[in-house]
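Below: one structure, written as structure tokens.
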Amino acid sequence: MSGRKGPFKGRTVAVVDDLSLDEQRYLYRKARELKEELRSGGEGRAFRVDDRDYAAYLVFMEDSTRTKESFRNAAKFCGCRTDVFDTATSSFNKNESIVDTMKMLYGYSDESCYVIRSKLEGVCRALDDALGRYAELTGRAKPAFINAGDGKHEHPTQEFLDEFSFLEQLGWRDERIHLALTGDLYHGRTAHSKADGLRVFKEAKVDLVAPELLGMPEHYVDKMRDNGYEVTCFESLDEYLASGQVAPIWYFTRLQLERMGESVLEKSKLLREAVTFRKDMLGKLPEGTRFYHPLPRDRLSPTNPTFLDELPLNGWDGQSANGYWTRIVLIGMVSGLLGADFEGEPKAERRFEDDFVAEAAPERRVKPEYKVGIRPVEEGIVIDHVSSGQPIGEIWGHVDAIRRMLKLDVRGSHGVYHNNQGTYKGIISLPDVTSFGGRELKKLAAIAPGCTLNLIRGHQVAKKYRLSMPPRIYNFDEISCKNPSCVSHPSHLEGIAPEFTRKGESVFVCRYCEREHRYREIWDV
Ligand code: ASP
Ligand code: CP
């Protein structure tokens with residue numbers, strides 16, 4: 001095992017937010033140091049891992065030029081063992097799972113990082129979980145997984161080079177950015193990563209320019225606003241240029257034809273026109289405007305046409321070259337080489353509290369509580385207030401789901417009754433169940449938040465628990481992510497256990513692809 005012990009060693013970067021803001025700033029500072037050193041004839045020794053036992057594996061299951069080649073060159077510069085995994089002729093074609101494949105590659109080196117591009121969303125998070133457990137089991141160093149673009153989710157390493165390029169243009173001042181983001185904001189993962197990446201600026205004004213069908217998904221717009229950005233939407237470049245409030249930094253994106261459904265694809269010509277720059281627009285730009293683009297540009301119908309190439313507007317060529325510096329630094333960070341001089345807030349792990357199960361004072365019963373159709377229970381449990389106030393059909397559905405998912409196939413009764421507010425609630429009464437553990441309580445909270453559980457002893461409520469919506473739902477056979485591109489979607493048979501975290505009152509976010517679901521949507525029952 002190497003002596004490298006930097007604080008980022010083995011860190012997975014599945015999304016931009018996997019590095020704290022200070023860690024992102026550190027990456028930009030180091031990349032700037034490296035670029036300046038090499039440009040002034042230095043060798044960048046401090047950035048070279050120089051370890052042939054450290055393997056950087058490039059696993060590209062989707063086409064790439066820049067990301068693959070810049071990582072390949074960056075890994076070479078770092079002096080790592082650099083391997084390009086041939087996904088097209090691999091045993092993926094024999095239905096091997098991605099976790100099994102990575103476990104095998106992991107066995108070939110002491111320490112390693114994997115740069116992965118895939119159509120499936122959330123692959124790096126899933127691998128980090130699985131290989132993290134495997135590393136612990138085998139007592140070996142945890143590998144790092146770097147997302148090189150996953151479906152239409154995120155492209156964090158592109159984001160790092162984009163932000164580096166913006167900062168460079170702004171003379172490394174991070175007070176404010178005014179950016180126009182245009183093109184295919186719906187399918188474009190580089191646009192999505194901006195929702196977190198632009199936080200490196202203290203103030204961000206973002207103009208989203210795209211026709212509705214290519215518009216930024218709502219949850220990314222919400223995230224931008226939650227992050228304090230001022231966001232304005234426009235339907236076309238013409239509408240935007242007429243607004244008189246045009247940004248000096250533009251970020252173009254390609255129409256992601258390979259990800260479009262038929263109905264959008266059919267309209268792509270018209271949609272593209274709305275976001276294609278024309279010669280007559282040149283005069284409407286503020287002085288010193290710079291255009292960026294993650295590239296590739298579609299040579300048949302570019303949104304930033306070639307007449308722009310030799311104008312001072314062209315920021316994209318320098319931008320793509322910046323991928324080399326930022327990726328050398330990222331490899332340096334996750335290999336444990338860099339980071340001893342890091343200062344600031346490290347990425348904090350999200351903690352999940354158990355306070356969704358609250359014990360309440362049991363009231364003494366003066367009369368039998370559960371009567372209409374349900375006999376008073378002498379010993380047992382009563383689950384009360386199930387889906388209180390919801391439509392009767394839904395209450396029945398929840399009552400049924402509780403009995404099935406908690407496997408309460410014992411003697412007892414259940415029903416839908418009036419509550420005190422004049423609406424309805426479900427009650428399940430089970431005289432034969434005399435204990436109900438913490439795990440069952442959590443499960444019950446996940447299935448029917450808002451209900452109460454009463455443990456009855458000698459006709460009295462001995463213990464009472466009020467259950468609210470848990471912060472995380474996992475470990476159930478009856479849940480699944482509804483994004484067909486998610487690595488955990490059942491159709492891919494990758495064996496990744498679904499997991500959701502709560503956002504706000506009742507929105508649940510998939511751990512892997514981050515797709516938002518309404519509470520009921522995550523359940524398959
Ligand atoms: N190359 C970038 C990506 O892979 C942008 C694009 O392909 O349009 O997301
Ligand atoms: N910008 C980018 O990711 O380019 P490639 O798709 O060519 O890697």
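Each value in this text was obtained by applying a stated rule to the coordinates, not by laboratory testing. These numbers come from a predicted model, not from an experiment. No Cβ is skipped: glycine too gets one built from the backbone with ideal geometry, and neighbour counts run over all protein chains shown.
Relative contact order of segment 195-331: 22 percent, from C-alpha pairs under 8 Å at least 6 residues apart in sequence.
Please express the shape of segment 1-78 as an equivalent ellipsoid: the semi-axes are the square roots of 5 times the eigenvalues of the C-alpha gyration tensor, given largest first in whole angstrom.
Values: eigenvalues 79, 64, 54 Å².
The equivalent ellipsoid of segment 1-78 has semi-axes of 20, 18, 16 Å.
To the nearest 10 degrees, how steep is helix 21-39 against the longest Cα principal axis of the chain, on a 0 to 90 scale? Helix 21-39 sits at roughly 20 degrees to that axis. DSSP beta bridges confined to the chain are antiparallel in about 50 percent of cases. Net length available on complete extension from R466 to R81 is 133.0 nm, with 0.36 nm assigned per residue and the Cα-Cα distance removed.
In terms of other Cβ atoms within 10 Å, Y186, Y251 run from fewest to most in the order Y186, Y251.
Taking a sphere under 15 Å around the Cβ of I479 and counting the other residues whose Cβ falls inside, with K and R at +1 and D and E at -1, yields a net charge of +4.
So if the hydrodynamic radius of segment 233-387 is defined as the Kirkwood radius over C-alpha pairs, what does Stokes-Einstein give as its diffusion coefficient at 25 °C and 0.890 mPa s, in µm² per second? Kindly include the intermediate steps, with their values, before the conclusion.
Values: Rh = 22.6 Å.
My calculation gives 109 µm²/s for D.
Binning the C-alpha pair distances of segment 178-313 at 5 Å intervals from 0 yields a P(r) profile of 2, 10, 22, 25, 21, 14, 6, 1, 0 %, listed from the shortest bin outward.
Counting other Cβ atoms within 10 Å, which trypsin sites (Lys or Arg not before Pro) in segment 217-284 have at most 12 and lie in a DSSP loop?
On the way: sites: K223, R225, R254, R259, K267, K269, R272, R278, K279, K284; in loops: R254, K267, R278.
In loop regions of segment 217-284 (DSSP not H, G, I, E or B), the sparsely surrounded trypsin sites (Lys or Arg not before Pro) are R278.
How do T501, T190 rank when sorted from fewest to most other Cβ atoms within 10 Å of their own Cβ?
T501, T190
Global size of segment 152-254: 12.5, 36 Å for Rg and Dmax (C-alpha atoms, Rg to one decimal, Dmax whole). Run the Debye formula on the Cα coordinates of segment 385-475, all scatterers equal and no solvent, and tell me log10 I(q)/I(0) at q = 0.26 1/Å. Once normalised to I(0) and log-transformed, intensities are -1.56. Based on the convex hull around the alpha carbon atoms, segment 461-519 presents an average projected area of 4.9 nm². Placing +1 on the Cβ of each Lys and Arg and -1 on the Cβ of each Asp and Glu in the chain, which of W316, S91, T306 has its Cα farthest towards the positive end of the resulting dipole? Value computed over the given set: S91.
Once you have a ≥ b ≥ c as the square roots of the Cα gyration tensor eigenvalues for segment 246-299, tell me rounded if a/c is under 1.5, and otherwise prolate or oblate according to whether a/b is larger than b/c. It is prolate, given that a/c is not under 1.5 and a/b is the larger ratio.
Farthest towards the positive end of the charge dipole of the chain, among the residues S40, G380, L453, is the Cα of G380, using unit charges on the Cβ of Lys, Arg, Asp and Glu.
Max-minus-min Cα coordinates of segment 49-172 on each principal axis give 47, 33, 26 Å, with the largest extent listed first.
Can you sort H492, H153 by how many other beta carbons sit within 10 Å, fewest first? Provide the component values of the computation, followed by the final result.
On the way: H492 16, H153 28.
Ascending number of Cβ neighbours within 10 Å: H492, H153.
Here the Kirkwood formula puts the hydrodynamic radius of the chain at 25.8 Å, using every distinct Cα pair.
Modelled label positions at L137 and T65, each set 7 Å beyond Cα in the direction of Cβ, lie 4.2 nm from each other.
Counting charges near F508 (Lys, Arg +1; Asp, Glu -1) among other residues having Cβ under 12 Å from its Cβ returns a value of +3. Lysine pair count for segment 288-446 (Cα-Cα distance under 24 Å; residues 8 or more apart in sequence or on different chains): 7. Our coupling estimate for segment 271-288, obtained by passing each phi through the Karplus curve with A = 6.51, B = -1.76, C = 1.60 and θ = phi - 60°, is 5, 5, 4, 5, 10, 9, 6, 10, 4, 5, 8, 3, x, 9, 8, x, 3, x Hz, Gly and Pro reported as x.
Evaluate Rg over Rh across segment 88-160, taking Cα atoms for both radii and Kirkwood's formula for Rh. Write out the running numbers ahead of the final one.
Values: Rg = 12.6 Å, Rh = 12.9 Å.
Expressed as Rg/Rh, it is 0.97.
With q set to 0.13, 0.25, 0.29 Å⁻¹, the log10 of I(q)/I(0) for segment 42-99, from the Debye formula over equal scatterers at the Cα positions, is -0.42, -1.01, -1.14.
Quick check on segment 270-337: take the gyration tensor over C-alpha atoms, sort the square-rooted eigenvalues as a ≥ b ≥ c, and tell me if it's rounded (a/c under 1.5), prolate or oblate.
Prolate shape, in that a/c is at least 1.5 and a/b is the bigger ratio.
Contact order, relative form, for the chain: 15 percent (alpha carbon pairs under 8 Å, 6 or more residues apart, mean separation divided by residue count).
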